[in-house]
Amino acid sequence: MNDDKKLHELVINTIRTLAMDAVQQANSGHPGAPMGLAPVAYMLFNEIMRYNPSNPDWANRDRFVLSAGHASMLQYAILHLTGYDVSLEEIKNFRQLHSKCAGHPEYELTPGVECTTGPLGQGAANSVGFAIAERWLAHHFNKPGHEIIDYHTYVIAGDGCMMEGITSEAASLAGHLGLNKLVWIYDSNRITIEGKTDLAFSEDVAGRFESYNWQVQHVDDANDLDSLQTAIKNANAETQKPSLIIVESHIAFGSPKKQDTAGAHGAPLGEDEVKATKKFYGWDPEKKFYIPEELDEFRKKMVARGKNNETAWQQAFDAYKSEYPELAREFEMIQKGELPPQWEENLPTFPADEKGVATRSANGKVMNAIAGEIPWLIGGSADLAPSTKTL
């Protein structure tokens, strides 16, 4: 962690104030979680992740998934500040029709958003698929001295995500598969729209994930950047298990009347409370959507670093392509969403038959014909393959 404390505070507090202002202007949204999680987003995007804002789809980028999609202004603010094509005007139009800054993150609408999230647990489950994809790609394409796939998937999940059954199922599979490139950060702020989480939720989340074969760590204060960095680096060093980092945060951090209350979860803070909170941060309470001039240089640095990340990878891929041209062609086909030539030539046909063929039997034959031509077709059967004909 570098020692530029002023820069850290400027970026983190800008994320917080942009979230407050956007939600207030829209008169709708969730300001509290972005205010509490701003240090986590800053740590990931400034110190940890490899990405290129100029090319959000660069193949070997680290993935970021905001499973707690209601905290969308957290993502829009950090994307804007790090140089993605998310303008301040779009942020001012948060939650308005046609804005890139929808109420919840939308894949293909907003550069830098990896998957649509909203229903709690959805992003967590998607991230397991991301990690499975990384594992397969690395196994299929990487060769000694040519590791062209080596990325992590980072997830922010909230109390609501941990309450959802889909999160448990996905986490169980991730632990079983040992998806060590998967890192979940659990925002434990202990607040829901109704009030304290203990109204409906009192389980030992750490114990649950340890039983799933996850590495589990705790960070006692979301504002402790050094502890955050240490925990994430420990997670990245893990070679056998996915990682859960439980981070204790304060919803609406800095708000004199709304911090640690349900009132900051799903509603604007109110004009007076926004001003009072800005005073707490040392901000001019009369300025809205204010971004300090010093952050122009920060944005340029992030953009330049991102381009360097991709350039270095492209040079490595070019060397790989020279040595493994067939595999490289396959890889490029995947990136473009293309299919191999004549992939459908061996599809089976089914003549008319009074008895007919069971749908699962026909499907099994078709899927296996496709799998023979498209190696990157990946599926699952919940241990029912003999019955569902998906072996």
Along region 330-341, Karplus-curve 3J(HN,Hα) (6.51, -1.76, 1.60; θ = phi - 60°) to the nearest Hz, with x for Gly and Pro, reads 4, 4, 5, 5, 4, 4, 8, x, 9, 10, x, x
Quote the accessible area belonging to residue 378 in square angstrom, nearest 10, computed with a 1.4 Å probe and with ligands, DNA and RNA left uncounted. 90 Å²
Under 13 Å from the Cβ of residue 326, count the other residues' Cβ atoms, weight Lys and Arg +1, Asp and Glu -1, and hand me the total. 0
How much area per residue is accessible in region 1-108 when the probe is 1.4 Å and only protein heavy atoms are counted (Å²)? 31 Å²
Ignoring ligands, DNA and RNA, what percent of the 1.4 Å accessible area of region 261-303 is carbon and sulfur? 50 percent
So what is the calculated 222 nm ellipticity per residue for the chain, using -39500 (n - 2.57) for each DSSP H run with n of 4 or more, over all residues, to the nearest 500 deg cm²/dmol? -14500 deg cm²/dmol
What chymotrypsin sites (Phe, Trp or Tyr not before Pro) does region 46-114 have in DSSP loop regions with at most 15 other beta carbons within 10 Å? 107
Considering only protein heavy atoms and a 1.4 Å probe, what is the carbon-and-sulfur percentage of the accessible area of region 73-225? 49 percent
Taking Cα atoms only, helix 5-26 is inclined relative to the longest principal axis of the chain by an angle, in degrees rounded to 10, of 90 degrees
Report, in whole Å, the centroid distance computed from the Cα atoms of region 74-143 and region 223-279. 19 Å
Pick from 369, 235, 358: which is most flexible by mean-square fluctuation in a GNM of the chain where alpha carbon atoms under 10 Å apart are linked? 358
Other residues with Cβ under 11 Å from the Cβ of residue 155 give, with Lys and Arg +1 and Asp and Glu -1, a net charge of -1
Quote the Stokes-Einstein diffusion coefficient, in whole µm² s⁻¹, for region 62-103, based on the Kirkwood radius over alpha carbon pairs, a temperature of 37 °C and a viscosity of 0.692 mPa s. 311 µm²/s
Please give me the summed charge of the neighbours of residue 285: other residues whose Cβ is under 9 Å from its Cβ, Lys and Arg +1, Asp and Glu -1. +2
Just to be sure I understand: of the beta bridges DSSP finds with both ends in the chain, what percent are antiparallel, rounded to 5? 10 percent
Where both residues lie in region 101-238, what percent of DSSP beta bridges are antiparallel, nearest 5? 25 percent
Could you pull out the GluC sites (Glu not before Pro) across region 158-257 that fall in loop regions by DSSP (anything but H, G, I, E, B) with no more than 15 other Cβ atoms inside 10 Å? 194, 203
Residues whose modelled amide H sits under 5 Å from the amide H of residue 218, counting only those 5 or more places away in sequence or on another chain, are 246
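The values are calculated or read from the model by the stated rules, or taken from the named source; none is laboratory data. Since the model is a prediction, treat every value here as computed from it, not as a measurement. Please note: Cβ atoms are built from the backbone with ideal geometry, for glycine as well, and neighbour counts cover all protein chains shown. To get the accessible areas, we keep the full protein, side chains included, count just its heavy atoms, and leave off ligands, DNA and RNA. Shrake-Rupley method; radii C 1.70, N 1.55, O 1.52, S 1.80 Å.
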